[in-house]
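Peer 1: Please read through the structure below; I'll follow up with questions.
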Amino acid sequence: MCQHQSPCPSADSADRESARLVAHHPEQGWSLLCNGVVLFEDTGELLPDGSVIAPQRSLDVTLTSA
C-alpha cells in the first residue's frame with residue numbers, strides 16, 4: 001500500500017503509528033495513515049483488517065478535594 005521510500009511500517013508492526021498521514025480530520029477526531037490504520041484522537045486505532053486497538057489511557061489521575 002505504501003509508496004514512500006523508505007516504506008512506512010506495516011499496519012501489523014509495533015511502530016505502525018509512524019506511517020505518513022494520508023488524511024487528517026481533527027474536527028472529526030481521526031487521521032488515516034498510508035498503511036491503512038485509522039488513528040483516533042483518544043489514541044484508539046482501527047486496523048485495516050477490522051481489528052481495534054483500545055485507547056491507551058493514562059492511569060495518572062490526581063484527585064483534589066474542594
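So that you can scan it fast, the table gives a plain yes or no per residue for (1) part of a loop (DSSP other than H, G, I, E, B); (2) open to solvent by less than 60 Å² (accessible area, probe 1.4 Å):
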| position | (1), (2) |
| --- | --- |
| 5 | yes, no |
| 13 | yes, yes |
| 24 | no, no |
| 42 | yes, no |
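Peer 1: May I pose another question? Quick one: in the range 44-64, which of the residues that are at pLDDT below 90 and among the polar types (S, T, N, Q) is farthest from residue 13 (Cα to Cα)?
Peer 2: 64
The values are calculated or read from the model by the stated rules, or taken from the named source; none is laboratory data. Quick caveat: nothing in here was measured; it's all calculated off a predicted structure. Areas reflect the complete protein model, heavy atoms only, side chains present, ligands, DNA and RNA absent. Shrake-Rupley method; radii C 1.70, N 1.55, O 1.52, S 1.80 Å.
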